[in-house]
Amino acid sequence: MSEPRIRATPFAMASGIACALGIGASLLLPEHARGPALYGAASAALGALCAFSALVRGAGKGGTAVLTAFSIGFLCRAGLVAAGLLASGARGNLALVFAAAFFTLYAVTQVIEVLFVHASSRPQGATP
């Protein structure tokens, strides 16, 4: 296993756990809101997978590679928020439920991605 993937494992696990918790939380909502929330959380989880995969490939290759990886993640999520909203068929307040589920999980996974980039930019064994 290559070194960037070894360092990525705890962050990938944290992102996966956050996505599982987000999907689980959407299943606890009342029945009328459950569908849009589930679509939102699932779309955000798929976006997190795409974004983190791009970051793992770009980590350690310089600032341009990391910026490109963040751009890929953003574009994937932009497409997924539109596709998920259309697929859910949510309208009115239910569209807000979709957006809340999507963007809450997006924010959490984005923080994990930023922490991964910060950690991967430091030499192995460096102290803060």
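Restricted to the range 2-121, the set of helices (runs of 4 or more DSSP H) holding at least 1 residues that are polar (S, T, N, Q) and either touching a Pro at 6+ places or on another chain (Cβ under 9 Å) or surrounded by fewer than 16 Cβ atoms within 10 Å (Cβ to Cβ) (or both) comprises 3-27, 63-88, 93-120. Filtering 59, 44, 12, 78 for residues that are free of Cβ contacts under 8 Å to residues at least 12 places away in the same chain and under 23 Å from residue 117 (Cα atoms) leaves a single hit, 78. The sole residue among 88, 120 that is at pLDDT below 90, more than 30 Å from residue 30 (Cβ to Cβ) and in contact with a helix residue (DSSP H, G or I) (Cβ under 9 Å, 6 or more places away or on another chain) is 120.
Would you mind finding the one in 117, 97, 111, 56 that is of a type in the set (Val, Ile, Thr) and farther than 17 Å from residue 12 by Cβ? Unique residue meeting the criteria: 97.
The values are calculated or read from the model by the stated rules, or taken from the named source; none is laboratory data. All figures in this text were calculated on a predicted structure; none of them were measured in a lab. In this analysis, Cβ positions are derived from the backbone assuming ideal geometry, glycine residues included, and neighbour counts consider all displayed protein chains.
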